[in-house]
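Read through the structure below, which is laid out as C-alpha cells, and then see the notes.
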Amino acid sequence: MRQYRLLIAGGLVICAVAAIAMPGRAAERKRHEAKPAVANPPPAHEIGSAGPWNAYVAGDRTGKVCYLVGRAEKSLPASARRQPPSAMVTHRPKEHVFNVVSFVEGYPLKAGSDVRLDVGPRKFELFTNGDAAWARTSDLDKEIVETLAKGRDAVAHGIPAHGAATTDTYSLVGFSKALGMIDKACDVRR
C-alpha cells in the first residue's frame with residue numbers, strides 16, 4: 001500500500017507542477033501555445049480527498065491556486081507504455097480563472113488530435129498539446145465540470161503520436177465533494 005501511495009504521490013507532484021505552471025486565461029483567450037514549466041514550484045498542500053479525487057491548494061507568483069486531481073481507475077490497452085493518466089480541475093481566483101479542466105494522458109499525443117471525453121451520454125472534444133488536453137473555452141470548462149459533478153464515470157479517449165489509441169475510465173465518486181473543497185479554499189460560489 002505504501003508503494004502504491006508513493007506512486008500516486010509522484011504522479012500528483014507532476015500534476016501539481018502542471019497546475020501551477022498552467023497559464024491563466026483572460027476572457028476566452030486560447031491556450032494553444034506551450035508554456036514552460038515552473039523551475040521550482042511552491043509546495044502544494046493537500047486539503048482533503050474523496051474517493052479517487054484529491055484536493056490541493058498552493059500559491060505561485062499570481063496568487064492562490066486550488067485544484068483537484070483524480071487518477072484513472074482503468075486504462076486500456078493495459079500494455080501501453082505511459083505515465084499514469086490523471087484528470088484535473090483548477091481555480092486561479094486572482095486571475096478570475098475557474099473550472100479549468102485538463103487531462104494528462106501520460107504519453108505524447110498525436111499532433112492535431114483531440115481527446116474525446118464521454119460523461120454519460122455527453123461527449124466533449126478537448127484540444128491537445130504535448131501529453132495533455134484542455135477545453136477550448138471557459139464556458140466549455142464550466143459545462144464539463146457541471147457534467148462531471150453529476151456523472152458516474154468519465155471516459156477519456158486519446159490518440160498517441162505512436163501506438164494504439166487509449167481509453168481511460170475515471171470514477172466520479174467523490175468528484176463533487178473534492179470540487180466543493182477547492183471551491184471553498186478559493187472562495188468559489190456555485
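The values are calculated or read from the model by the stated rules, or taken from the named source; none is laboratory data. Predicted, not measured: the structure shown is a model, and the values here were computed from it. We place every Cβ from the backbone using ideal geometry, glycine too, and count neighbours over all the protein chains shown.
Here is how the numbers come out for the structure above:
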item: Odd one out for residue 49, checked against (1) in contact with a strand residue (DSSP E or B) (Cβ under 9 Å, 6 or more places away or on another chain); (2) modelled with pLDDT under 50; result: (2)
item: Within the stretch 66-96, considering residues that are among the aliphatic types (A, V, I, L, M) and at pLDDT 95 or above, the one nearest to residue 117 (Cα to Cα); result: 87
item: Filter pass, residue 128 being touching a Lys or Arg at 6+ places or on another chain (Cβ under 6 Å), crowded, with 16+ Cβ neighbours inside 10 Å and among the hydroxyl-bearing types (Ser, Thr, Tyr); result: no
item: Check on residue 106, touching a residue at least 24 places away in the same chain (Cβ under 8 Å) and closer than 16 Å to residue 154 by Cα; result: no
item: Single condition residue 106 does not satisfy, out of (1) in contact with a His (Cβ under 9 Å, 6 or more places away or on another chain); (2) surrounded by 22 or more Cβ atoms within 10 Å (Cβ to Cβ); (3) assigned to a loop (DSSP other than H, G, I, E, B); result: (1)
item: Members of the stretch 41-83 that are small (Gly, Ala, Ser) and either touching a Ser or Thr at 6+ places or on another chain (Cβ under 9 Å) or buried (at least 22 other Cβ atoms within 10 Å of the Cβ) (or both); result: 44, 50, 51, 55, 70, 72, 75, 80
item: Matching option when the condition is out of contact with any Phe, Trp or Tyr (no Cβ under 7 Å at 6 or more places or on another chain), of a type in the set (S, T, N, Q) and at positive phi, among 99, 54; result: 99
item: Hits in the stretch 140-154 (condition: over 21 Å from residue 189 (Cβ atoms) and either surrounded by 18 or more Cβ atoms within 10 Å (Cβ to Cβ) or in contact with a helix residue (DSSP H, G or I) (Cβ under 9 Å, 6 or more places away or on another chain) (or both)); result: 151, 154
